[in-house]
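The values are calculated or read from the model by the stated rules, or taken from the named source; none is laboratory data. Keep in mind that what you see is a predicted model, and the values were worked out from it rather than measured. Neighbour counts are summed over all protein chains in view; Cβ atoms, including those assigned to glycine, are modelled from backbone coordinates with ideal geometry.
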Amino acid sequence: MRRALLVALPLLAGCATAAIQDRSVSAVDRAPRVLQRVPLPAGARAVGVVAQEGGEGIIELADGHFLRVDVRGEVQPIDGAPALPRAEWTTSGGLRAEYGGRWFALEAPPGNELGVAPEGLRSIAQVVPLTFRGAKDAKGARDAWIRIGTSVVRVHLEGGADAPKVTWMDPAPGASVGAVQSIARIDEGRGAMASDRGLTLVSEGTIRTYRDAGIPGPLGGGGGWAWVGWNGQILRTDGETWESLAKDVVLGQGARLAVDGGTGTFALVLDGAGGVWRIQADGALFLSGLANGAAVFDTKLELEASPAERDALERVSFALDGKDVASRTAPPWGWGTDGVRPADLASIGFGTHRIDVRARFGDGRERTRTLRFDYRSPIGRIPTYDADIAPLYDAKCGSCHTAGVGRGVARDLSSYERLSGQAAAVRRAVRQGRMPPDLRLDPVSTSLFTAWIDGRTPR
Ligand code: HEC
């Protein structure tokens, strides 16, 4: 059916005849470097996980809030919406794709051809939004992979943000991968699909389906690896070898998996019982404190490199915006940890900054990891005392910190001069969660104080 279609449809270009292979899973047991249960605050229920670059992840809670998990597995609330991956395809009213920051409606080539109508057209309305998301090549072109019926079609968008050229491709004529539940990007050219037939790895010339008992569950990928929950295990494959990283995991409907897209070494797993696990397959140079592209409201950061070969590591150095700021020749390999001067970024301005971490190993190898972050105020400009801070002070601090008012039990900070005169103490007290003493200041208010003080306390 597919082959006939190719002849009838010149638009379906670039159809390499993929070799289709069947394998069975044989995984080696592998003790991960970290297998850790992430503690959730009392009463919090996790409904999703998002892993980000740099070994940090995000947990989505049922109440709509998000928690950030740092490289040590500690959680902190985060404000604002995190950089959740955008759905690039929807099925409402057909297919839509995001390209160059705009959405386009995609139509199947005219004349019923695509899936051999009428079934084909019917199934296009049921297209599963599948994509090896985000991979843009040098020309900014991007591919999406969608399922139509039981076939997988690749759609390539290229050129012109106003009207991209769309090419429909059939990477595997005749391949039937079953009812696909989820899809993940492994790297630029490869992806994985979990279906009732097993786990299918798709690359340019090869489609390989691995079979095992049961249906593979949550799926994630990145850095050359696909991770999948299957038969109570968390497995990882690079397309050749399989590793079993955790056993006796409760999977099922609610289970989710998110993989660090850059390295493929780190994942967050939400199991079917609501537990969140952090798994780090092997050592990697991670930084605590920030994640790629993350908005950083707190300019006092602790960065810690956690290298694989601790003993063989000779030196770790940190550069901020191209300037060397710290280096360590002995553990802890941190900038700002265990007595090393904190990574005090208070002098940086709002905007995008870069931290390069360079590790040199005993055998002469070097590894560098670059992280970019935006330091920005939660309100998009430096807060001012009159407009932003005074009302906040009245609402959150004034009842105790105003002489002769209410409780008035503490030092008077109720004027611009008094509050800005104690800026450093205010920043510390607020950031450390000590003030106000009776309740936890919400993250936006905390960042407003920080941004005001870092922005040199403008009136
Ligand atoms: C429930 C009462 C109460 C509230 C509300 C409160 N404080 Fe305090 N605060 C105190 C007391 C009591 C002290 C200890 C006495 C002192 O040092 O002034 C204190 C001390 C401080 C100090 C100096 C000592 C330290 O811990 O660094 C700062 C700065 C401060 N508070 C800032 C704030 C800010 C900013 C807010 C609002 C976000 C706030 N406080 C809200 C009661 C309060």
>> I'd like to verify a number: residues in segment 406-457 that are of a type in the set (Ser, Thr, Tyr) and closer than 17 Å to residue 76 by Cβ, how many?
In response: 4
> Does residue 4 satisfy the criteria of being out of contact with any Lys or Arg (no Cβ under 8 Å at 6 or more places or on another chain), surrounded by fewer than 19 Cβ atoms within 10 Å (Cβ to Cβ) and at pLDDT below 50?
Replying inline: yes
> What is the residue count in segment 419-447 for residues that are closer than 12 Å to residue 385 by Cα and more than 10 Å from the ligand (Cβ to nearest atom)?
Replying inline: 1
